[in-house]
1. Return one whole number: the accessible area per residue of region 1-144 in Å², for a 1.4 Å probe.
2. What is the calculated FRET efficiency for E42 to F329, with r their C-beta to C-beta distance and R₀ = 30 Å, to the nearest 0.05?
3. From the protein chains alone at 1.4 Å, what is the descending order of accessible area for V319, V250, largest first?
4. What lysines could a cross-link reach from K22, if we take a straight Cα to Cα line under 22 Å and drop same-chain neighbours fewer than 8 places away?
5. Peptides 304-312, 280-288, 33-41: what's the order by average Cβ count within 10 Å, highest mean first?
6. What size of dipole, in debye to the nearest 20, comes out for the chain about its Cα centre when the only charges are +1 on Lys and Arg C-beta atoms and -1 on Asp and Glu C-beta atoms?
7. How far, in nm, would the chain grow between A140 and S269 when pulled straight, counting 0.36 nm per residue and subtracting the alpha carbon separation?
8. Report in % the part of the accessible area of the chain that belongs to carbon and sulfur, leaving out ligands and nucleic acids; probe 1.4 Å.
Amino acid sequence: MENTLGLEIIEVVEQAAIASSKWMGKGEKNIADQVAVEAMRERMNKIHMRGRIVIGEGERDDAPMLYIGEEVGICTQPNASSLCNPDELIEIDIAVDPCEGTNLVAYGQPGSMAVLAISEKGGLFAAPDFYMKKLAAPPAAKGKVDINKSATENLKILAECLERSIEELVIVVMKRERHNDLIKEIREAGARVALISDGDVGAAISCGFAGTNIHALMGIGAAPEGVISAAAMRALGGHFQGQLIYDPAVVKTGLIGESREANIERLTSMNINDPDKVYDAHELASGKTVLFAACGITSGNLMDGVRFFNGGARTQSLVISNQSKTARFVDTIHMFGEPKTLQLN
């Protein structure tokens, strides 16, 4: 899978990032997302694959493209038999977020990305469009920190695993009312808090790399993005746990479903019979082969954003594979129209 799709999935996220970045700073988050979706879908449908969207624009946006269940790739098109032999290709499940951090793009803030994860059919957890309590940490803390422990306990464990003091730790938390007590506890324990407005996929992945100065992600964010984060963290060997949050009273900022009871019924209908189950990265991204790809839209901890120059653009992408056990950073110059002098800085 990696050999066949590795380069092409990089191009998928690159095209989405370039399209979205043209709307950076214009205050139009919906348009920034829409053009990313269109660009991602167009490039996906040029790949010789049998793909199915298991996490996409789906329920929240009622999107006509990259919706949950949509089939993508040349070999899913009506004229597929004239272009390829679909039966010879492995079926692939795909989780996408064409513009992770739409507000970040709209207001010119750092950390937005175009992201996707792929695995063989059944290899990615089809998360409902609920929220998820998340805990991400570096590989050294894998299996030692635990989402069921208090933030204070996890900070002590994390400090021991990383051989540093709690005061040296930086914990990313989304700036939401529901996190007020969590933020207070982290600060009282002595650690530092980095608040973000959006984009917790990037924060989770940053925990998997040394030198980012991010040592954990804690708190509640969107469940679909949790699965994408889990795919990357599984491939990186980092720690990731997620627990679905189905009670609107906990989230405080809205949740699909009218009530806690109705949401539990919905989970049951999806064959999720233990709504309080804690999932680890291997359960959320269980496939034999898992690939993750991202391209910076605006610059963040891991990647530069899209930079335009006269006649082209430059992007920085990341592709992570559990198959080859690699994390590759890809610097690409895209030439629009007639080639011009290439910009190297």
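The values are calculated or read from the model by the stated rules, or taken from the named source; none is laboratory data. Quick caveat: nothing in here was measured; it's all calculated off a predicted structure. Neighbour counts are summed over all protein chains in view; Cβ atoms, including those assigned to glycine, are modelled from backbone coordinates with ideal geometry. Side chains included, ligands, DNA and RNA excluded: accessible areas come from the protein's heavy atoms. Shrake-Rupley method; radii C 1.70, N 1.55, O 1.52, S 1.80 Å.
1. Values: 6080 Å² over 144 residues.
It amounts to 42 Å² per residue over region 1-144.
2. Working: r = 25 Å, r/R0 = 0.83.
Working from the Cβ atoms, E equals 0.75.
3. On the way: V319 15, V250 60 Å².
Result of the area sort, largest leading: V250, V319.
4. By straight Cα distance, K22 reaches K340.
5. Details: 304-312: 16.9, 280-288: 20.0, 33-41: 23.9.
Answer by packing, highest mean first, reads 33-41, 280-288, 304-312.
6. On the way: 34 positive and 46 negative charges, 171 e Å.
Rounded to the nearest 20 debye, it is 820 debye.
7. Working: separation 129, 0.36 × 129 = 46.44 nm, distance 3.75 nm.
That pair, A140 and S269, stretches by 42.7 nm at full extension.
8. Numbers: 7060 of 15200 Å².
That fraction is 46 percent.
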